[in-house]
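This report concerns only the one structure given below.
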Amino acid sequence: MTTNAEETKAQKPSNASIPVDQFNWDAFETEAAIYGGESKEQIAKEYDQTLSNIQAGEVMEGTVTSIDKREVLVNIGFKSEGVIPSSEFRYNPDLKVGDKVEVYVESAEDKKGQLILSHKKARQLRSWDRVNEALEKDEIIKGYIKCRTKGGMIVDVFGIEAFLPGSQIDVKPIRDYDIYVDKTMEFKVVKINQEFRNVVVSHKALIEAELEQQKKDIIGKLEKGQILEGTVKNITSYGVFIDLGGVDGLIHITDLSWGRVNHPEEIVQLDQKLNVVILDFDDAKKRIALGLKQLTPHPWDALASELKVGDKVKGKVVVMADYGAFVEIAPGVEGLIHVSEMSWSQHLRSAQDFMKVGDEVEAVILTLDRDEHKMSLGIKQLTPDPWENIETKYPVGSRHTARVRNFTNFGVFVELEEGVDGLIHISDLSWTKKIKHPSEFTQIDAPIEVQVLEIDKENRRLSLGHKQLEENPWDVYETIYKPDTIHTGTITELTDKGAVVTLNEGGEGFAPSRGLVKADGTTATKGETLEFRVLEFGKNNRKIILSHTRTFEEAKAKEDAVKEASTQEAVKKLSSSMEKTTLGDISGLAELKAQLEGKN
């Protein structure tokens, strides 16, 4: 296509020299010579007919004539070339001179007489139709990745900002999203929300079909036990994904090593090449199970044949649980030390009280099953069993200092030494005190003096006593608190049935409620000191029954009896006197009567 300047130049007369005396000055003044005899208006009209008739807002196709960093010149057949900012072609870095592009006429002439075009607006006017067409026809389109966003990338497609999810960029996990920014790639439109005009594109969809066929070809050649070379593609907490050259396989964390693996990163690294063995695969689901540890001999097979039960071994604690600790005595060979084998003590404790992960320990082999790959270990066996010579160290009748371990309703469990425990029954804590719960008498971890009462070596039990360290005061009480004797005591506790009374001579007694009534009719209260009569004394059951009421009731009864006897005597005398008086009165009356009769 010739330019406007060339066309104008072609219409100009030849520059051949004309003699001065032959020059037509009249024609020159009327510009006839310049335009070959035609009028200027006629030539301009013919020139205008060679140009495109354009209007602002029109979309046209043009040809790129020039490209630089700032502008792109496009010829649309107008008298001048249109200018478009280079930034509008960022999505198409392959743009070159001669390419056909769509343009939108912003203005036929600006203040400088320049034709202003826009490629971006031209794309936008047709973009929604183009996007829907691409989805309908499953068309492969080009897009420019503008920037990152949450969950993926923003892609310029036909002037529309489409969303490219991170999972749809590639079939492989993406480690650095920034490397895709400012790149032009091919995509497929996978989803359109017509209401909100949202577009989702995928690059992964372009390569999945090809990979699917590659997977079928690879899986078709797989065999169990086959050894292949692969590349570590991804590492998760549960295993490692290996790229076998178009198809992925998984090495589960348990198949990485014969030993304990806390995280696969301890064994492999990203992009590491390694040999793996095929353990299993599923044609339908295209799952391939791989193994790494299977390429090395099982460590139990290499375990020394002379190792036997009773031998001492050393190892490292690799896993802790409440019930015990797993100790690795060789790579891939572990034994369990149960918490019951950590101490001779029979108290339930946690394994964490004895050791922690990373500790180097020595232990004794208790059981060994090479076929089942199981081994149990013990560390308490490294020290003598304290119950072996229990009769010698803790004979019956011997006295010792123990430590209170815990309480029950019926007694106190104490520890004489690690592994040697005993029970003090609640009845053996005190000769005199009525103890409802052992916590009233002592406390956890407190020292307490004990005497060995009985040994049960078979069941590893000791029966202990505390009160036996003192003389039985009930032998003395028997001579003091005889029935009907009166003693002074203080009420220390009140119950529904009566009161506990601490006696001045020692010991405690019990007064029933009916025995707490005082002489004035009121009931005794806690803290009062009164006299009590012994109603009953029991040495075997350590019982003293008391009554305050009986102390004054019997005295009152005697007093009442004396009063009653005196009253009866007085009545008798009175009666006798009344009899004599009555007879005398009768004789007087008779005489009086006789006298009266005589007078008459």
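Things worth noting here:
- Peptides 197-208, 332-343 ranked from most to least packed, by the mean per-residue count of other Cβ atoms within 10 Å: 332-343, 197-208.
- Label-point gap, in nm, between K216 and L270 - each point 7 angstrom along Cα→Cβ: 3.3 nm
- DSSP beta bridge pairing in the stretch 160-268, given as percent antiparallel to the nearest 5: 95 percent
- Modelled spin labels at N459 and D484, positioned 7 Å past Cα toward Cβ, are 4.8 nm from each other.
- The modelled label-to-label distance for the pair D496/I227, using points 7 Å beyond Cα in the direction of Cβ, is 8.4 nm.
- Probe 1.4 Å, protein heavy atoms only - accessible area per residue of the stretch 167-273 in square angstrom: 59 Å²
- The stretch 285-361: C-alpha gyration tensor shape, a/c 1.5 cut-off, then a/b vs b/c: oblate
- GluC sites (Glu not before Pro) within the stretch 458-513: DSSP coil, no more than 14 neighbouring Cβ in 10 Å: E458, E470, E471, E505
- Translational diffusion coefficient (Stokes-Einstein; Kirkwood radius from C-alpha pairs) of the stretch 163-223 at 37 °C, 0.692 mPa s, in µm²/s: 243 µm²/s
- The simple Förster model, with R0 at 41 Å and r as the Cβ-Cβ distance, assigns E61 and R175 a FRET efficiency of 0.45.
- The stretch 204-251: C-alpha gyration tensor shape, a/c 1.5 cut-off, then a/b vs b/c: oblate
- Per DSSP, loop trypsin sites (Lys or Arg not before Pro) in the stretch 78-144 with at most 15 further Cβ within 10 Å: R90, K96, K111, K112, K137
- GluC sites (Glu not before Pro) within the stretch 357-397: DSSP coil, no more than 12 neighbouring Cβ in 10 Å: E372, E388
- For the stretch 408-509, with all protein chains in place and a probe radius of 1.4 Å, 48% of the accessible heavy-atom surface sits on carbon or sulfur.
- Cα-Cα over 22 Å, subset of K100/K120; K204/K233; K482/K526; K312/K380; K100/K142: K482/K526
- Förster radius 51 Å - calculated FRET efficiency between K316 and K434 (Cβ-Cβ, nearest 0.05): 0.35
- Among beta bridges that DSSP assigns inside the stretch 330-430, antiparallel share in %, nearest 5: 90 percent
- Sorting 245-256, 430-441 by average packing, meaning the other beta carbons within 10 Å per residue, from highest down gives 245-256, 430-441.
- Surface per residue (accessible, 1.4 Å probe) for the stretch 458-543, Å²: 57 Å²
- Accessible carbon and sulfur surface of the stretch 98-214 relative to its total accessible area, %, 1.4 Å: 46 percent
- Shape of the stretch 86-201, Cα gyration tensor, a/c cut at 1.5: prolate
- Accessible-area composition of the stretch 265-383, carbon plus sulfur, in percent [1.4 Å probe]: 50 percent
- Taking all protein chains together and rolling a 1.4 Å probe, Y477 ends up with roughly 20 Å² accessible.
- With the cut-off at under 20 Å, measuring from each backbone N in the stretch 339-376 to a point 7 Å along the Cα-to-Cβ line of S305 picks out 368-374.
The values are calculated or read from the model by the stated rules, or taken from the named source; none is laboratory data. This one's a predicted model, so the numbers in the text were calculated from it and none came from an experiment. Every residue, glycine among them, receives a Cβ derived from its backbone with ideal geometry; neighbour counts consider all protein chains shown. Surface accessibility is based on the protein's heavy atoms, side chains included, excluding ligands, DNA and RNA. Shrake-Rupley method; radii C 1.70, N 1.55, O 1.52, S 1.80 Å.
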